[in-house]
Amino acid sequence: MANKYFKVWWLLTIKSAQTAFESRFGSIIFFLGKIIRIVLMLVFIIVVVSKTKQIAGYNIWQVIFFYATFNLIDTIPQLLMREVYRFRSYVITGDFDYFLIKPLSPLFRVMFGGADVLDSFVILIAIGLLIFSSSNIPGITATGVLLYILLILNTMLIAGAIHIAISALGIITTEVDSALWIYRDLTSMGRFPVEIYRDPVSFFITYVVPVGIMISFPAKAILGILSTTSFIAAFLVGGVLLVLSLYFWRYALSQYSSASS
């Protein structure tokens with residue numbers, strides 16, 4: 001079964017890549033735009049930290065590591081779940097009806113209808129930035145790296161749950177784009193450690209949204225400053241959000257009326 005779904009995903013990804021590279025000039029501009037955005041933010045971080053010496057108790061390399069983690073977490077869901085960004089048109093045009101009659105999970109087709117290969121270059125840059133910044137941070141251990149990886153996986157679980165909920169909302173209201181951009185705007189608050197925000201904003205973006213769990217917790221884990229309670233709480237939040245999003249998806253399907261009805 002897993003092999004079947006992987007083959008479908010691979011074929012859809014190839015098709016998506018062919019579409020993306022139809023305009024080579026457009027692809028180059030897209031990539032350059034991403035690079036310029038990352039570079040400008042790095043320059044901003046360097047300028048700010050050079051003036052203040054620290055941000056919320058973190059030195060420049062630690063802040064850069066937080067920013068690199070943000071880029072990794074921000075880009076992977078876009079790469080894997082890009083089809084969600086097109087979901088509204090499927091509902092409006094009635095193409096979603098075809099997803100429901102195919103011998104595949106409609107949720108799989110909505111979530112993983114082909115990866116956006118252009119974002120893969122940004123992920124490589126983020127990984128390179130992670131490695132470079134971490135090499136300048138003393139005290140990183142193998143245990144910290146393992147906890148970081150586990151929390152990144154949990155973050156992907158949370159991001160998946162949010163995208164499932166947004167897709168379900170799209171079935172009920174046919175509105176997807178606004179919810180996606182609200183999600184993107186909220187996660188952008190994780191470019192810096194959440195400690196720069198005062199309560200109750202800090203608490204809100206850590207546990208309610210939860211940007212802090214998705215971005216700050218992995219970075220804190222590798223730095224060795226994440227408590228055991230917070231580590232466990234992160235996985236509890238991830239599991240709860242996934243279960244709730246799946247229930248919401250099933251409810252949305254029960255409310256769906258096809259375009260032909």
Query - Accessible surface, per residue, of region 49-126 when the full set of protein chains is kept, probe 1.4 Å, Å² - result: 40
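Carbon and sulfur: what percent of region 92-184's accessible surface (1.4 Å probe)?
Of the solvent-accessible surface of region 92-184, carbon and sulfur hold 75 percent.
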Report task. Kindly provide the chymotrypsin sites (Phe, Trp or Tyr not before Pro) of region 79-174 that DSSP labels as loop, not H, G, I, E or B, and whose Cβ sees at most 15 other Cβ atoms within 10 Å. Result -> none
Query raised in the report: On a 0 to 90 degree scale, rounded to 10, what angle separates helix 228-254 from the longest Cα axis of the chain?
Result: 20
Requested in this report: Return the Rg/Rh value of region 139-261, two decimal places, where both radii are evaluated on C-alpha atoms and Rh is the Kirkwood radius.
Outcome: 1.06
Query raised in the report: When only the heavy atoms of the protein chains count and the probe is 1.4 Å, how do W9, W249, W181, W61 rank by accessible area, highest first?
Result: W181, W61, W9, W249
Query - Sequence of D97, D119 from largest to smallest accessible area, 1.4 Å probe - result: D97, D119
Report task. Compute the relative contact order of the chain as a whole-number percentage, counting only Cα pairs closer than 8 Å that sit 6 or more residues apart in sequence. Result -> 26
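Please list the equivalent ellipsoid semi-axes of the chain, computed as the square roots of five times the alpha-carbon gyration tensor eigenvalues, in descending order and whole angstrom.
Working: eigenvalues 229, 95, 57 Å².
Its equivalent ellipsoid spans semi-axes of 34, 22, 17 Å.
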Requested in this report: Could you work out how far helix 177-187 tilts from the main Cα principal axis of the chain, as a 0 to 90 degree angle to the nearest 10?
Outcome: 20
Report task. Using a Förster distance of 25 angstrom, determine the FRET efficiency expected from the C-beta separation of I137 and K53, and round it to 0.05. Result -> 0.95
Query raised in the report: Each residue of region 143-148 in turn: what ³J(HN,Hα) in whole Hz from Karplus with 6.51, -1.76, 1.60 and θ = phi - 60°, glycine and Pro shown as x?
Result: 5, x, 5, 5, 4, 4
Requested in this report: May I ask for the angle, rounded to the nearest 10°, between helix 2-20 and the longest principal axis of the chain, with both axes built from Cα atoms and the value confined to 0 to 90°?
Outcome: 80
Requested in this report: Select from L226, P200, F6 the residue farthest towards the positive end of the dipole of the chain; place +1 on Cβ of Lys and Arg, -1 on Cβ of Asp and Glu, and compute about the Cα centre.
Outcome: F6
Report summary line: By the Kirkwood definition, with r running over pairs of different Cα atoms, region 189-261 has a hydrodynamic radius in Å of 14.2
Query raised in the report: Any idea what log10 I(q)/I(0) is at q = 0.13, 0.20 Å⁻¹ for region 27-135, Debye with uniform C-alpha scatterers and no solvent?
Result: -0.63, -1.00
**Report entry** Computed [θ] at 222 nm, deg cm²/dmol, the chain (DSSP H ≥ 4; -39,500 (n - 2.57); rounded to nearest 500)
**Finding:** -23500 deg cm²/dmol
Query raised in the report: Excluding same-chain residues fewer than 8 positions from K4, which lysines have a Cα within less than 29 Å of its Cα?
Result: K15, K102
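The values are calculated or read from the model by the stated rules, or taken from the named source; none is laboratory data. Please read these numbers as outputs of a predicted model, since none were measured by experiment. All Cβ positions, glycine included, derive from the backbone under ideal geometry; neighbour counts span all protein chains shown. Each accessible area value is taken on the protein alone, full model and side chains, heavy atoms only, with ligands, DNA and RNA left out. Shrake-Rupley method; radii C 1.70, N 1.55, O 1.52, S 1.80 Å.
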